[in-house]
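Q: The following block contains the structure, expressed as structure tokens.
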Amino acid sequence: MAITKEAVVEKIEVVGSWNIQVATDTVIKEDGVEISRSRHRHIVLPYKSGKNMDTGKWTHTDTDISGEEVAVRAIANAAWTDTVKANYKTWKEAQEV
């Protein structure tokens, strides 16, 4: 009896201009027959942003997408143009912290 576990990216979608939503299924199989499946979702944004409460200045650090699946990286690199990134920064800085 062999039990295996694999993660499968089932869905990648760009929502709005910069939100990349990724749905990954964890599939458990016994002797090649699926016995369990669960879904995890996460969102990838172009920057990790934060506001220094003392100075009021924002910092935007590029999101490290190196750990994402190849397809997710390809979509991020295509979707996150310089204009989209600039618009994200403008939008983020307009939000209340």
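Read-outs: derived from the displayed coordinates by stated rules, not from any lab. Treat the numbers as computed from the prediction; the structure is a model and nothing was measured. Note: ideal-geometry Cβ built from the backbone for every residue, glycine included; neighbour counts use all protein chains shown.
Q: I need the full set of residues from region 60-97 which are more than 26 Å from Val9 (Cα to Cα) and touching a residue at least 12 places away in the same chain (Cβ under 8 Å), in order please.
A: Residues satisfying the conditions are His60, Asn87, Lys89, Lys92, Glu93, Val97.
Q: So, one more: Being within 15 Å of the chain's Cα centre (by Cα) and either touching a residue at least 60 places away in the same chain (Cβ under 8 Å) or loosely packed, with under 12 Cβ neighbours inside 10 Å (or both) is the filter here, so list the residues in region 17-41 that pass it.
A: Once the filter is applied, which keeps residues that are within 15 Å of the chain's Cα centre (by Cα) and either touching a residue at least 60 places away in the same chain (Cβ under 8 Å) or loosely packed, with under 12 Cβ neighbours inside 10 Å (or both), region 17-41 yields Ser17, Trp18, Arg39, His40, Arg41.
Q: Continuing with this model, one more query. Quick test of your reading of the structure: Met1 fulfils all but one of (1) surrounded by 11 or more Cβ atoms within 10 Å (Cβ to Cβ); (2) farther than 17 Å from Gln95 by Cα. Name the failing condition by number.
A: (1)
Q: Out of everything in region 42-59 that is among the β-branched types (Val, Ile, Thr) and more than 24 Å from Glu13 (Cβ to Cβ), what residue ends up being surrounded by the fewest Cβ atoms within 10 Å (Cβ to Cβ)? Explain how you work it out, then say what you get.
A: Initially, region 42-59 is screened for residues among the β-branched types (Val, Ile, Thr), giving 43-44, 55, 59.
Adding the requirement that they be more than 24 Å from Glu13 (Cβ to Cβ) leaves 55, 59.
Values: Thr55: 7, Thr59: 10.
Only one residue fits best here, namely Thr55.
Q: When you scan the chain for strands (runs of 3 or more DSSP E) that lie fully inside it, which ones turn up with 2 or more residues that are out of contact with any helix residue (DSSP H, G or I) (no Cβ under 7 Å at 6 or more places or on another chain) and among the polar types (S, T, N, Q)?
A: Result: 19-30, 33-44, 58-62.
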